[in-house]
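Here's the structure, in structure tokens; my notes come after.
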Amino acid sequence: MNTRTTAQRRQFSALMRFFHWLTAAMVLTMLGIGVAMVASLADYHRLVSLHRPLGILILIVVVIRYVNRRFSTLPPFPATMSSRERFAASASELLMYTLLFVQPFVGWGMLSAARYPIVLYGSLHLFPILPHGAMLYAVLRKTHTVIAYLLFLTFLAHFGAVLFHTLIVRDGLFDRMAPWRVRASN
Amino acid sequence: MPNASTASAENEPARHAKGGALVRLVGIGVVLLVVTGAFLYLGGWFTPHALTPARFVDAFERVDGIHSGFRRNHAKGVGVSGFFESNGRGTRLSKAVVFKAGRVPIIGRFSFGGGEPNVADAPDLVRGLGVLFRLPDGEEWRTAMVNLPVFPFKTPQAFFDNLVASQPDPQTHKPDPEKMHAFLASHPGTVQAMKIIKSHSVSSGFDNSAYYGLSAFWFVDASGISIPVRWSMAPVQPFVPADTEAAQGDKSYLFDALIASIVQHPLQWHLMITVGQPGDVTDDASIPWPDGREQVDVGTLTLDHVESEETSPARDINFDPLVLPAGMAPSDDPLLSARSAVYSQSFTRRAGEMKEPSAITPSEVRK
């Protein structure tokens, strides 16, 4: 049997794993900042000042990551995953990519519609991508919250599914994306 | 023989795994709950009495009602525009582009404090002036000033507590004097600030009022050195004391007077920067800096156009005091971040509402 190739292909590439954990750290930080800043008086400004540049950074990383993924070979799903599970995994991955790509644009567009300067750091700022419009702002502002909650729920489902496979089914699903190198055991 | 030993070794963990799987399943549930709990905790779900931007704006709505499309505070106003002509003297204090000699366009808004958009004009109402400086390359400086030399409250909580205490009694439609008394008794700083405010005589109109930025900020110069500053707009129009008699009659007589004077000739203010010394308080807008601090006149604000909120871009602008250009930074004054947060909350709520006509209509401005 062609064990060598399967062993090599058990994990995502080092670059893909790096992007995965980088995105995870940034997005979880971002969700925490987002939900905390809207409820805070004392830290509002500090958190908003982090929120804007981090959002743009996530957008950049998501685009690079998506392009890299398109040109990479992916490890196969473990045999323990049913076709329905495989579909759910692929669909939720696509959903997460979509939400992560759309969310920064909604934030950017919403600040444009509110006619705020979109300051990243110091005098570095982005150009507006939408015209000034209060109602447009209001709709995008609400959308931004809805997407944030959707992202959190998608993360929970993803995290729960990986924990279930790794700890209950024990099919080593986590190893595919483990931050460290996992050598094929068989 | 090897087969037998493998079989028994594999059977043992299998039996353990049955019970273990349940424990691990519960463990997964606990982990997911903890993660969700942490998310909700950060969002303030477990501290329902903590002061948040939403609860702050709720308090404004309880006091003044919800007026669709209007600011929750400083609801009654008009839009203005013009320009700021910098004389270049501010460049030694801050590297901000606005201080380079030259002219930048501005959008502004005059207003009365309070969430009632049809309040009858009166000289003792707090007058507000919001200014947005449109700098080259899309940078902006926004400042929201009032005609009080100091702010009556040191903290957002004190402001909020005063707002709650001033809530009209449903029976008498007036604030409960007992509650106001109790508030002042526990806030000696407010009593002190009110004394300073009362010692300043009020001018006759919007046009000859001074407007103060209240909070301290940091100015950063080209070499990276920071200094604490406060700013104000000093009117070129001569001071005339407020006439309380004139309060009879037209509900918008002070706005009408502003419109009449701006149509006649452009109105001007000097932007005055007060330079703080080491040790001057930067975290308390209710305390003035000692007399004799250096004052730098950095340029002139000229307002030559006035219009109803219904046509002015100022209506849909949030004069957030923390929209600052590079070269300016917030101080440790707790009011600043709180104002930014509460203004944003008010802006978000009104942005999504139907716009009701402003008290100062477009035809009023053309009169």
**Message:** Tell me whether the range B:138-153 contains one or more residues that are part of a helix (DSSP H, G or I), under 29 Å from A:TYR116 (Cβ atoms) and in the same structural domain as B:ILE287 (by TED's automatic domain parsing).
**Reply:** yes
**Item:** Residue check, B:ASP320 within 27 Å of B:SER94 (Cα to Cα) and either surrounded by 22 or more Cβ atoms within 10 Å (Cβ to Cβ) or at pLDDT below 95 (or both)
**Value:** yes
**Asked** Out of A:THR80, A:THR73, A:THR98, which single residue is at pLDDT 95 or above and within 26 Å of A:PHE174 (Cα to Cα)?
**Response** A:THR98
**Request:** Looking for whichever is at pLDDT below 95 and assigned to a helix (DSSP H, G or I) here; the options are B:ALA4, B:ALA38. Which one fits?
**Result:** B:ALA4
**Asked** Considering only the range B:71-96, how many residues are farther than 28 Å from B:PHE219 by Cβ and either modelled with pLDDT under 95 or part of a strand (DSSP E or B) (or both)?
**Response** 4
**Item:** Which listed residue is over 14 Å from the mean Cα position of the chain (by Cα) and either under 24 Å from A:LEU126 (Cβ atoms) or among the aliphatic types (A, V, I, L, M) (or both), from A:ILE56, A:ILE60, A:ILE33
**Value:** A:ILE33
**Complete:** Restricting attention to the range B:273-302, the residues that are in a strand (DSSP E or B), under 25 Å from B:THR190 (Cα atoms) and in contact with a Phe, Trp or Tyr (Cβ under 7 Å, 6 or more places away or on another chain) number exactly 2
**Asked** Only one of (1) part of a strand (DSSP E or B); (2) surrounded by fewer than 17 Cβ atoms within 10 Å (Cβ to Cβ); (3) aromatic (Phe, Trp, Tyr) is not met by B:PHE239, so which one is it?
**Response** (1)
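Rundown of residues vs (1) more than 13 Å from chain B (Cβ to nearest Cβ); (2) outside any helix (DSSP H, G or I), yes/no style:
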residue: A:PRO104; (1), (2): yes, no
residue: A:LEU111; (1), (2): no, no
residue: A:VAL119; (1), (2): no, yes
residue: A:ILE147; (1), (2): yes, no
residue: A:ILE168; (1), (2): no, no
residue: A:PRO179; (1), (2): yes, yes
**Asked** Do we have any residue at all in the range A:124-143 that's of a type outside the set (A, V, I, L, M), surrounded by fewer than 20 Cβ atoms within 10 Å (Cβ to Cβ), more than 9 Å from every other protein chain (Cβ to nearest Cβ) and not in a loop (DSSP other than H, G, I, E, B)?
**Response** yes
**Request:** Report yes if some residue within the range B:316-329 is part of a strand (DSSP E or B) and within 14 Å of chain A (Cβ to nearest Cβ); otherwise report no.
**Result:** yes
**Request:** Tell me, please, whether a residue that is surrounded by 15 or more Cβ atoms within 10 Å (Cβ to Cβ), closer than 29 Å to B:ASP256 by Cα and not hydrophobic (A, V, I, L, M, F, W, C) can be found in the range B:134-141.
**Result:** yes
**Request:** Could you give me the residue pairs with C-beta distances under 6 Å whose first residue belongs to the range A:36-51 and is closer than 17 Å to A:VAL119 by Cα, whose second residue is assigned to a loop (DSSP other than H, G, I, E, B) wherever it lies, and which are 6+ apart or on separate chains?
**Result:** A:HIS45/B:LEU322
**Asked** Counting just the residues of the range B:330-343 that are at the interface with another protein chain (Cβ under 8 Å from one of its Cβ atoms) and not aliphatic (A, V, I, L, M), which one comes out surrounded by the most Cβ atoms within 10 Å (Cβ to Cβ)?
**Response** B:SER337
**Request:** Quickly run through the range B:164-199 and pick out the residues that are in contact (Cβ under 8 Å) with a residue 40 or more places away in the chain and farther than 14 Å from B:SER286 by Cβ.
**Result:** B:VAL164, B:SER166, B:GLN167, B:PRO168
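Okay, residues lined up against (1) part of a strand (DSSP E or B); (2) touching a residue at least 60 places away in the same chain (Cβ under 8 Å); (3) touching a Pro at 6+ places or on another chain (Cβ under 7 Å):
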{"position": "B:VAL98", "(1), (2), (3)": "no, yes, yes"}
{"position": "B:PRO105", "(1), (2), (3)": "yes, no, no"}
{"position": "B:SER111", "(1), (2), (3)": "yes, no, no"}
{"position": "B:ALA122", "(1), (2), (3)": "no, yes, no"}
{"position": "B:VAL131", "(1), (2), (3)": "yes, yes, no"}
**Request:** Scan B:GLU353, B:GLU294, B:GLU310 and give me the residue that is charged (D, E, K, R) and modelled with pLDDT under 95.
**Result:** B:GLU310
**Complete:** Exactly one of B:VAL281, B:VAL298, B:VAL365, B:VAL306 is surrounded by fewer than 19 Cβ atoms within 10 Å (Cβ to Cβ), of a type in the set (A, V, I, L, M) and either touching a Cys at 6+ places or on another chain (Cβ under 8 Å) or more than 14 Å from chain A (Cβ to nearest Cβ) (or both), and that residue is B:VAL281
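The values are calculated or read from the model by the stated rules, or taken from the named source; none is laboratory data. Remember, it's a predicted structure, so these values are computed and weren't measured experimentally. All Cβ positions, even for glycine, are placed from backbone atoms using ideal geometry, and neighbour counts span all protein chains on display.
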